[in-house]
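A.B. asks: Have a look at the structure that comes next, please.
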Amino acid sequence: MEIKLVFLWTDMLIYLLLLSAIGFAVYSIRFEHLRSPWRQVAHNRLAMVAGFVLFCYIIIGLCDSIHFQERAADEKGQIVKDSQGGIIYKPDVLSVLDILVTSIRENTEDSYSAPLATHSYSMKNITLPDGKQIRTYAKLKYEGKHLFGTDKVGMDVFYRALKGIRTGIVIGTLTTLIMLPFAIMTGIMAGYFKGWVDDLIQYIYTTLSSIPGVLLIASAILMLQVYMDTHADRFENIIIRADTRLFFLCVILGVSSWTGLCRILRGETLKLMEMEYVQASMALGVGHFKILLKHIIPNIMHIVLISVVLDFSGLVLAEAVLSYVGVGVDPTMESWGNMINAARLELAREPIVWWNLAAAFILMFGLVLSANLFADAVRDAFDPRLRTK
Amino acid sequence: MHTYIIRRILYAIPILIGINIITFILFFVINTPDQMARLHLGMKRVTPEAIEKWKEDHNYHLPIFWNGSESGIKKITQTIFYQKSAGLFIFRFGKSDEGRDIAHEITQRMWPSLAIAIPTFIIGLMVNITVSLFIAFVRGSYLDMVTMIWCVIIMSISGLFYIIGGQFLFGKILNLVPISGYDSGISVFKFVVLPVLIGVIGGIGSGVRWYRTIFLEEIGKDYIRTARAKGLTETRVLFKHALKNALIPILTGVVVVIPQLFMGSLVMEAFFGIPGLGSYTIDAIRSQDFGIVRAMVFLGAMLYIIGLILTDICYSWVDPRIRFE
């Protein structure tokens, strides 16, 4: 089977993030002061369970971040070529996760069915072999195979919820990744250089943080929407459109969450500047760059790490709310917010269709809870004020 | 102190101008007047004359930031930027796409928003402080641990779940309150009670955790040890000494959000069909009414800045040690 890899922006950034996380891990093994907090996390049983769940989610998210297109083939399995003999690929972009869960992806029914049900949700007219017509609950094609039932068009709900994992993780991590370099740079500069640099940076973050977050996101997304409509030719297919919007959403969320970290880092740098070792190196005539690199940055990294892990769960939850408001990820994208939004009115049906909502909420709850528990353990281990051992 | 407050208020002006520039860039530079005209007139079969006419009518024929063809002060005033944002500073928000006056809408819709936001805020604050004070009293016990785990669980559930679940349970199954809607007069109570309850429950997890940290930090301080050494009972130490001093960080953390209660809650109001500012904003976002969104951005930013100034004033009021230079 010949395939063509599709590189999406968010995919590449996710793997860049993975690489830098591995790099950070390799770096911290060399230093005892970085190893010991992690050891403390490892001794916390609850945190390790949470970490394992988180790890599973991340693996699923990573599998879902390798996209490709298959060669188009006709019914007999012959590869189709276009008139010039060029290669044609199927229009739908698949991911590695799609291949791993092919069975649940392709087991579709006609319409709604309850979790693990054997018969369909609504009555249908069925013609019996002897020609009689009866109205009954039809047997499903895949009885009891749907862990969370199927949705309106017969898609497996569990599959859709699994696809939502990637969106949640991308929003939770990329947002921080995008804003991090900027936040560290401005925060340190404001605290280190003081004077007009400090005034300017303070002005910028006060201005940005005073705009209500949802409204900033909404206006930015609206603008992107208009831009995409007027430049439709630049976005060749729906996946790229959705991906651009997801990426843009991360950038905007990053802009609004950048201010908080920047403020904290500024304060911390101001505090560090009063430390004897910084004063000493200044008196000895060490250059700005070297002081920043050797003395300031290593001493604020624990704050950066804590804020990264603490922000994650909030961002995953924010995605659902934003998608509900209509300024979240693209409506065609699989995400928990879109699932909840689409399933909201299903509770009014009789008998009620609850499994769409349940699947989205349960998977989201699992991710956010484990992220929260893990983040708490990391914070307790890295925050020097809380460190006991 | 007075000079400090005046300075803070003056300092707010460049920030508001900055916000205006940001929203202006977002709305007008990326989305040029030509495109806006086309959007309003319909995408197809628009003559260039019709676009020019629309721009003329809506003052969009002017240059964006700097009008070189005019003289004197008009170089600045005869521009799209000035025409579209100067009015915001005196609360002239202009008209929405439907032709209604935005400022009038805002004064009308403010009250339902406040009817939800103020009770949620006050009850939430009281519940959070009570629970966290009690938890601080029994700190280190089994009860403390169980409550903290519950706080994390409550925090980890999406806010949408509380709303959808609450509507389903109380509105549909138990039939205690109407699912959504709003009314004037005394009957407003039955529409308000569920959103308030959900708002309080949704905020309890992070609130209790936050206040508990503050209380525990306070309990670790020297004056508490002194109070204990004097032979005061633990209850007295906690409820009289610790509570009073812990109120300083709580107060200063809380004051900043008070002005923003006006803005209402976007999601809550949309779900419960409450005609407040939150649902106004959400409708504007959905119908792409830029006039309303800009007005709300400006209003929200201004309320935030007012909150910051109030925080500073409160700081020096509750803690006289703090003096502003």
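Bear in mind that the values in this text are calculations on the coordinates, not laboratory data. Computed from a prediction, not measured in an experiment: that's the story for all the values here. Please note: Cβ atoms are built from the backbone with ideal geometry, for glycine as well, and neighbour counts cover all protein chains shown.
A.B. asks: Report, in debye and to the nearest 20, how large the dipole of the protein assembly as shown comes out about its Cα centre when Lys and Arg carry +1 and Asp and Glu carry -1 on their Cβ. Intermediate results must be reported in sequence, preceding the final value.
C.D. replies: Values: 65 positive and 57 negative charges, 349 e Å.
In debye, rounded to 20, the protein assembly as shown gives about 1680.
A.B. asks: Relative to the longest principal axis of chain B, what angle (0 to 90°, nearest 10) does the C-alpha long axis of helix B:142-156 take?
C.D. replies: With both axes taken from Cα atoms, the answer is about 10 degrees.
A.B. asks: To make sure I understand, if each residue's beta carbon is the centre and we count other beta carbons within 10 Å, what order do A:R135, B:R286, B:R109 fall in, fewest to most?
C.D. replies: Working: A:R135 8, B:R286 14, B:R109 21.
Going from sparsest to densest Cβ surroundings: A:R135, B:R286, B:R109.
A.B. asks: May I ask which residue of B:L88, B:F262, B:V200 lies farthest towards the positive end of the charge dipole of chain B, with charges of +1 (Lys, Arg) and -1 (Asp, Glu) on Cβ and the Cα centre as origin?
C.D. replies: B:V200
A.B. asks: Where Lys and Arg each count +1 and Asp and Glu each count -1, what net charge lies around B:T23 among other residues with Cβ under 13 Å from its Cβ?
C.D. replies: On the way: positive: B:K84, B:R294; negative: none.
Around B:T23, the charge tally is +2.
A.B. asks: Once you keep just the Cα pairs under 8 angstrom separated by 6 or more residues, what percentage relative contact order results for chain A? Show your work: numbers first, answer last.
C.D. replies: Details: 507 pairs, mean separation 76.5, N = 389.
Over chain A, the number comes to 20 percent.
A.B. asks: Name the helices (complete DSSP H segments) of chain A with a Cα length along the long axis of 20 Å or more and a Kyte-Doolittle mean of at least 0.5, or state none. Present the calculation step by step, with values, prior to reporting the outcome.
C.D. replies: On the way: long enough: A:9-29 (30 Å, 1.68); A:45-63 (27 Å, 2.25); A:157-193 (54 Å, 1.28); A:195-210 (22 Å, 0.21); A:213-230 (26 Å, 1.66); A:238-273 (50 Å, 1.03); A:297-325 (40 Å, 1.76); A:355-382 (40 Å, 1.32).
Helices passing the filter in chain A: A:9-29, A:45-63, A:157-193, A:213-230, A:238-273, A:297-325, A:355-382.
A.B. asks: Using only Cα atoms, tell me the angle between helix B:102-137 and the longest principal axis of chain B; keep it within 0 to 90° and round to the nearest 10.
C.D. replies: Roughly 20 degrees between the two axes.
A.B. asks: How much net charge surrounds A:V321 when only other residues with a Cβ under 14 Å from its Cβ are counted (Lys, Arg +1; Asp, Glu -1)?
C.D. replies: Details: positive: A:R344; negative: A:E319, B:E269.
In short, -1.
A.B. asks: Under a straight-distance cross-link criterion of Cα-Cα below 28 Å, which lysines are reachable from A:K163, leaving out those fewer than 8 residues away in the same chain?
C.D. replies: A:K4, A:K90, A:K139, A:K141, A:K145, A:K152
A.B. asks: Can you count the Lys pairs in chain B whose Cα atoms are under 21 Å apart, with each pair 8 or more apart or on different chains?
C.D. replies: Close lysine pairs under the 21 Å cut-off: 17.
A.B. asks: Give me, ordered by chain and number, the residues 5 or more places off A:A73 or on other chains with an amide H under 5 Å from its own placed amide H.
C.D. replies: A:V80
A.B. asks: For A:K290, give me every one of the lysines with a C-alpha distance below 29 angstrom, ignoring sequence neighbours fewer than eight places off in its own chain.
C.D. replies: Straight-line reach from A:K290, under 29 Å: A:K194, A:K271.
A.B. asks: Rg and Dmax of chain A, Cα atoms, in Å?
C.D. replies: Radius of gyration, then largest Cα-Cα span, for chain A: 25.5, 99 Å.
A.B. asks: If we restrict to alpha carbons, what Rg and Dmax does chain B come to, in Å?
C.D. replies: Considering chain B through its Cα atoms, Rg and Dmax are 25.3, 88 Å.
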